[in-house]
Amino acid sequence: MLQFFFINSFIALALTANIGILEASPAAAPSSVEPAASHLLPPPAEDKPCKIIDSASLDSMSALTLSPNPADNEDSLPFLKAFREAQADGQLKNLWDFLTTHTAHENMKMVYLKNALLISARKILKNIAFKDFSETFLARYPFYYRDAGKIPISFALYLDRLVKFGNLDEGDLVTAIIFLDRHLQLNPACVFSQESQHSFLAVTVLIAQKLNNDFYFANSHWARIVGLSPITLNCLEINFIENLNFSLEIPREITVLYREALGLDQL
């Protein structure tokens with residue numbers, strides 16, 4: 001009963017803060033996006049041109065390197081593990097029951113998915129204390145803010161902004177979560193933390209939309225949405241994909257695995 005009270009309190013606060021997904025037209029043009037400064041977020045690392053991938057590196061990409069199968073070691077996939085825990089302890093069921101009882105929205109599953117992501121992110125952050133801000137580390141993983149307290153927008157409201165103005169759908173968000181887990185699995189030193197959550201979300205939804213849709217926003221437009229300069233966003237995208245070993249294929253069974261952990265197809 002106490003657990004149900006806490007989850008209801010969290011969702012009530014989330015909905016009061018206008019976290020719910022707002023419907024946007026799939027054909028929305030860039031002009032529909034609210035004006036945004038190029039630095040809604042400060043650049044995680046120095047705002048400078050990223051490294052150039054040479055021709056030798058490009059040649060080596062011809063053979064696709066797939067990431068490990070999540071089913072082999074789910075403990076190395078923080079979000080999949082958190083979804084399963086939230087499913088097992090009844091948090092996701094309580095979330096869905098609360099939303100269907102107290103809210104009305106055309107795309108209730110998207111509202112559910114977004115809040116499930118917030119619940120799981122909170123679970124992960126409870127066990128993370130990031131401290132490595134060495135230049136060597138940040139050169140390889142430029143996703144971290146040295147002072148997360150200065151970020152002027154919460155992760156929940158940032159997620160709402162990206163979903164709304166990026167016209168993201170359910171499939172885009174699930175794909176973004178899979179890519180984030182894959183990156184964390186292949187790069188265990190690079191953790192999801194208060195200092196990296198915003199930039200990880202920005203780059204994963206951008207990549208997910210490109211892969212899932214024939215028509216998608218250009219990086220220059222996404223830069224306005226995520227609040228980073230185009231240079232910084234381009235660098236984060238290149239770095240993220242390189243850290244995935246340029247493995248962007250997602251087998252159908254992996255997507256099914258995540259959707260089952262979230263309980264999406266049973267709603």
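Derivation of every value follows stated rules applied to the coordinates shown; laboratory data play no part. As the structure is a prediction and not an experimental result, all values here were calculated from the model. Note: ideal-geometry Cβ built from the backbone for every residue, glycine included; neighbour counts use all protein chains shown.
Computed from phi, the 3J(HN,Hα) profile of region 176-182 under the Karplus parametrisation 6.51, -1.76, 1.60 (θ = phi - 60°) reads 4, 5, 4, 5, 5, 4, 4 Hz, with x in place of Gly and Pro. Straight-distance candidates among the lysines for linking to K81, with alpha-carbon spacing under 24 Å and chain neighbours fewer than 8 residues away dropped: K93, K109, K114, K123, K126, K131.
Net charge of the neighbourhood of L95, taken over other residues with C-beta under 15 Å away and scored Lys/Arg +1, Asp/Glu -1, is +3. Could you give the size of the charge dipole of region 109-267 about its Cα centre, using +1 on the Cβ of each K and R and -1 on the Cβ of each D and E, expressed in debye and rounded to the nearest 20? Once rounded to the nearest 20, the dipole reads 480 debye.
Taking a ≥ b ≥ c as the square roots of the eigenvalues of the Cα gyration tensor, region 140-217 is oblate, since a/c reaches 1.5 or more and a/b is not larger than b/c. Which translational diffusion coefficient, to the nearest whole µm²/s, is obtained for region 160-267 from the Stokes-Einstein equation, given a Kirkwood hydrodynamic radius over C-alpha pairs, 37 °C and 0.692 mPa s? Answer from the Stokes-Einstein relation: 228 µm²/s.
Each other residue within a Cβ distance under 13 Å of T204 adds +1 if Lys or Arg and -1 if Asp or Glu, for a net charge of -1. Computed packing ranks the peptides 105-114, 134-143 as 105-114, 134-143, most packed first, by mean other Cβ atoms within 10 Å.
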